[in-house]
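A short worksheet on the structure shown next.
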Amino acid sequence: MDIDTGRSTARRARILSPLVGAVAAAALLVGCTAAAEPVPTVTETVQVPADPSPTSTVIPSPSAEAGADSSGIDGIELGTPYDDAVAAAGATPAEACPWLASTDEDGYTLTLQRAEVAEQDPPVIELVQVSASPVDLEGGPAIGPLTAEGIGVGSRMDQALAAYPDAVEIEGVGDRRYLAIESSAGAGSVFLSYTAGLDIIWALTATSLDEPPYESCA
């Protein structure tokens, strides 16, 4: 029996035509997808700091070194020539008592003192003190230069004794009292001044004397 190959061939052609079209369309879609721009990615860059170049050491000014210890107060050291210290502090010598000089700072007074009868030439600083009126200090924080323990003018007695449990209390003239909190051989001592019956420290003194004088200019 003869087989009609022409009809079979035409039938296969009709079946394959849609398949070929589908494959071609898929190929076009793949081509379009491949041609699309890639999605950008974010790359985090970590910069390693270079070795720092050496910098010069900044020497703080006396005001930036504000503090009090047995060598002095607010950068003014015991043993410094008196005239130099007075000029550096911007203080004014008392007309009646030229061995004393003072200047008003922010809420307190800075006082410098040399010996009334100078034993050295040039005369040198033997006392540096910051002080204020107890009335002005009531209820406020400590002001001015402070000790390493944070005690100064305006601190309360309980704070001072807590910071310096080995401090020695000294009776002065009348109701004047001193609290010796620090001493160093070859330098000086630090005293806190207060009034008996009151709880406020109103003066902080560094001196090479045995104790702060009751009156320096009578």
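Things worth noting here:
- Considering P134, P122, P165, the condition of being without any contact (Cβ under 8 Å) to a residue 40 or more places away in the chain and assigned by TED's automatic domain parsing to the domain that holds T195 is satisfied by P165 alone.
- Candidates in the range 92-113 are the residues that are within 18 Å of Y214 (Cβ to Cβ) and in a loop (DSSP other than H, G, I, E, B); of these, the one that is farthest from the chain's Cα centre (by Cα) is A96.
- Scanning the range 195-210 for residues that are surrounded by 15 or more Cβ atoms within 10 Å (Cβ to Cβ) and under 25 Å from E116 (Cβ atoms) gives W202, A203, L204, T205, A206, T207, S208, L209.
- Which numbered condition A218 misses (of (1) more than 20 Å from L78 (Cα to Cα); (2) in the same structural domain as G75 (by TED's automatic domain parsing); (3) out of contact with any strand residue (DSSP E or B) (no Cβ under 9 Å at 6 or more places or on another chain)): (2)
- Filter result (loosely packed, with under 15 Cβ neighbours inside 10 Å and either in contact with an Asp or Glu (Cβ under 6 Å, 6 or more places away or on another chain) or not in a loop (DSSP other than H, G, I, E, B) (or both)) within the range 171-194: E171, S183
- V117 being surrounded by 12 or more Cβ atoms within 10 Å (Cβ to Cβ) and either touching a residue at least 24 places away in the same chain (Cβ under 8 Å) or assigned by TED's automatic domain parsing to the domain that holds A85 (or both): no
- Any hit, the range 117-124, residues being of a type in the set (S, T, N, Q) and modelled with pLDDT of 95 or more: no
The values are calculated or read from the model by the stated rules, or taken from the named source; none is laboratory data. Just so you know, these numbers come straight off a predicted model, no measurement behind them. Note that we place each Cβ from the backbone using ideal geometry, even for glycine, and neighbour counts take in every protein chain shown.
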